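Participant: My structure is below; once you've seen it, I'll send some questions.
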Amino acid sequence: MASARPWWKDAVVYQIYPASFKDSNGDGLGDIPGVLSKMDYLKGLGIDIIWISPMFESPQVDMGYDISNYEEVHAPYGTVKDMEDLIAACHSRGMRLILDLVINHTSDQHAWFQESKSSRDNPKRDWYIWKPPRYAEDGARLPPTNWRSYFSGGTWEYDEHTQEYYLHLFAKEQPDLNWENEETRKAIYDSAMRFWLDKGVDGFRVDCVNMYSKVVDFQDAPVVDKTFYEQPASEFYANGPRMHEFLREMNEQVLSRYDAVTVGELPHTPDPRKVLQYVGLGDRQLSMVFQFDIVAIGQNVAQKYNFEPWTLPVLKEIVAKWQQFIEGTDGWTTAFCENHDQGRSVSRYASDAPEHRVASAKMLAMMMCALTGTLFVFQGQEIGMINLPKSWPIDELKDIEALGYYKSMAAATNNDKETMATVMRNLQILGRDNARLPMQWDSTAHAGFTDSKDGPWMRVHDLYPDINVTKQLQDPGSTYSFWKAMIQLRKEHKDMLVFGAFEIFEPDGEKTFVFAKTHRNNKAVVALNFTSDDQRVTLPPFDGLALRVGTYPDAADVEKAAAPGNMRTLRPWEGRLYMA
Ligand code: GLC
Ligand code: CA
């Protein structure tokens, strides 16, 4: 089992955020025909699977993660026919397509919820999670629990008409489905899954995959953040008692019948044994998951966006942990450090200063392409896109989560100037908007993303004349060219780079990251400098190590001139990959 190699393990997946990828019709919003126009670009990069974030019918309270009809496409993005064309365009190029499966909740505009809220005895009442109010001693109405929602405020919304609260872990427009109800599960499988699998999609990225089974008794969460009534409560709704049963059922009744791949979004799960319970091949639940440690670096436990500085050993330990946890098991892992919910990796983990950002992007590309697991690239990562400019005011931000955090902090501190300046800085590092700026295609107006006279739905990064696809395609020394070469190298040496055993050296070192990947007698050694200064590193004493790739153009010459022995000097944010 451990050595089983289904088709998706050595694939490179590219995530498309449809609103921001490419606008084909001049309305300022990306769309499916826009994606279709870039298929050869993606094939050229070496992509095997496209994952497209939600393109379903939606009021767009949370950028499409609030779905009002699983079987329709959001009209500004295109039609079901456009999606059929996209499936065909992928398959004709030997690529696959996976969709986002958002089934912890629907939009409040979904017909199911409209029925559910219409009366207490509606047949779909139990499809969502309804509870009566509590009352304080003074008679004040209270929500059933004090749980905090992801987008600030509580997880319960009162419905005047039927005088009960419904649960929403995210926005109040995203009511949670009741997975305890079998009829609901069957409807989800039909509408959200079979409808698209029958059209030929190859699998799903599964949103909030561990939140469907809630604890049975709804209790208050302990108070850890005294600033607010609502408290973090993931222990009450993540990894609940029936989670694995639900996933096995979904696999047995749907996924396995189509050989569909799944990658589950798995927050709140630091324990490797718990993660393994989701990804064992033999257990038939999920193919793999996104464990959250790597993207939670710098986030505060009680208040996610309150940024906390971190050191390199933390990152190294996380990478090592989630590389090694599958060893000797039939589980599988993922290599990713960006998505639509995170700041850009160059800005978060390296340096986006003008003199360092290209080196940083290549160094991170080298790291990612050498890691075991299925590799995920987020749109724009391949050209080294960076976080939004620090000069942008709050009005440029669009994300419901960022704005919820901003407003709740303003309210809690009476708009304290210093706090609010920190809040802005936090969002500039960690905010989801950073990933959602339009893709930078060229140096024409609006980065070639749209030709709308009114501009794009979200402002284009000020630096697009410098950081864009067209410029980088022509330049063999660009970040794009480096990614392309690294993806190719990863495929040529997949035994080591995709499937190999991971070993870390000097885990406590604060400046450099050195690791090895081994398959039988073959070794790859990766040495990375995570600072803006020259650093000395010691390569592990493996016989016959020879430089294979460097992120600096003159790496081969510098290597030849190096003194004999295992010591090397890495320049700022430099990476080198050796093989033996
Ligand atoms: C996931 C998505 C995120 C969304 C949330 C609610 O975390 O990645 O973008 O807001 O689920 O569906
Ligand atoms: Ca459009």
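The values are calculated or read from the model by the stated rules, or taken from the named source; none is laboratory data. Source: prediction; values computed, not measured. All Cβ positions, glycine included, derive from the backbone under ideal geometry; neighbour counts span all protein chains shown. To get the accessible areas, we keep the full protein, side chains included, count just its heavy atoms, and leave off ligands, DNA and RNA. Shrake-Rupley method; radii C 1.70, N 1.55, O 1.52, S 1.80 Å.
Participant: Is it the case that some residue within region 23-35 is among the polar types (S, T, N, Q), within 16 Å of ligand 1 (Cβ to nearest atom) and in the same structural domain as M439 (by TED's automatic domain parsing)?
Facilitator: Taking region 23-35 as the starting set, the residues that turn out to be among the polar types (S, T, N, Q) are 24-25.
Retained after the next criterion (residues that are within 16 Å of ligand 1 (Cβ to nearest atom)): none.
There is no residue in region 23-35 that is among the polar types (S, T, N, Q), within 16 Å of ligand 1 (Cβ to nearest atom) and in the same structural domain as M439 (by TED's automatic domain parsing).
Participant: Could you grab me the full set of residues in region 55-70 that are within 16 Å of ligand 2 (Cβ to nearest atom) and in contact (Cβ under 8 Å) with a residue 60 or more places away in the chain?
Facilitator: Selection gives M63 alone.
Participant: Taking into account only those residues within region 52-77 that are within 15 Å of ligand 1 (Cβ to nearest atom) and closer than 26 Å to V12 by Cβ, which is most open to solvent (accessible area, probe 1.4 Å)?
Facilitator: M63
Participant: Considering only residues that are aliphatic (A, V, I, L, M) and over 25 Å from the mean Cα position of the chain (by Cα), which ones fall in region 448-494?
Facilitator: Selection gives L473 alone.
Participant: Step by step: first the residues of region 6-39, then only those that are open to solvent by 10 Å² or more (accessible area, probe 1.4 Å) and within 30 Å of T333 (Cβ to Cβ), then the one that is farthest from ligand 2 (Cβ to nearest atom). Which residue is that?
Facilitator: P6
Participant: Whether any residue in region 121-131 is touching a residue at least 60 places away in the same chain (Cβ under 8 Å) and assigned by TED's automatic domain parsing to the domain that holds Q381 is what I want to check.
Facilitator: no
Participant: Return the only residue of A402, A359, A370, A353 being over 25 Å from A524 (Cα atoms) and buried (at least 20 other Cβ atoms within 10 Å of the Cβ). Quick ask: steps written out before the conclusion?
Facilitator: Details: A359 fails: over 25 Å from A524 (Cα atoms); A370 fails: over 25 Å from A524 (Cα atoms); A353 fails: buried (at least 20 other Cβ atoms within 10 Å of the Cβ).
Testing whether each residue is over 25 Å from A524 (Cα atoms) and buried (at least 20 other Cβ atoms within 10 Å of the Cβ) leaves just A402.
Participant: Let me ask you something else. Just checking, which of E173, E157 is outside the structural domain of W51 (by TED's automatic domain parsing), in a loop (DSSP other than H, G, I, E, B) and open to solvent by 20 Å² or more (accessible area, probe 1.4 Å)?
Facilitator: Only one candidate passes the filter, namely E173.
Participant: Name the residues in region 541-559 that are part of a loop (DSSP other than H, G, I, E, B) and within 33 Å of the chain's Cα centre (by Cα), would you? Spell out the reasoning first.
Facilitator: Initially, region 541-559 is screened for residues part of a loop (DSSP other than H, G, I, E, B), giving 541-545, 551-554.
Correct list: T551, Y552, P553.
Participant: Taking R148 and the conditions (1) open to solvent by 30 Å² or more (accessible area, probe 1.4 Å); (2) modelled with pLDDT under 95, which numbered condition does it fall short on, given that it satisfies the others?
Facilitator: Against the list (1) open to solvent by 30 Å² or more (accessible area, probe 1.4 Å); (2) modelled with pLDDT under 95, R148 comes up short only on (2).
Participant: List the residue pairs whose Cβ atoms are under 7 Å apart, where the first residue sits in region 220-247 and is within 23 Å of L266 (Cβ to Cβ), the second is of a type in the set (S, T, N, Q) and surrounded by fewer than 16 Cβ atoms within 10 Å (Cβ to Cβ), and the two are 6 or more positions apart or on different chains.
Facilitator: The qualifying pairs are F236/Q219.
Participant: Please determine whether any residue of region 141-152 is farther than 15 Å from P232 by Cα, away from ligand 1 (no atom under 16 Å from the Cβ) and not in a loop (DSSP other than H, G, I, E, B).
Facilitator: Checked against the condition, which is being farther than 15 Å from P232 by Cα, away from ligand 1 (no atom under 16 Å from the Cβ) and not in a loop (DSSP other than H, G, I, E, B), region 141-152 yields at least one hit.
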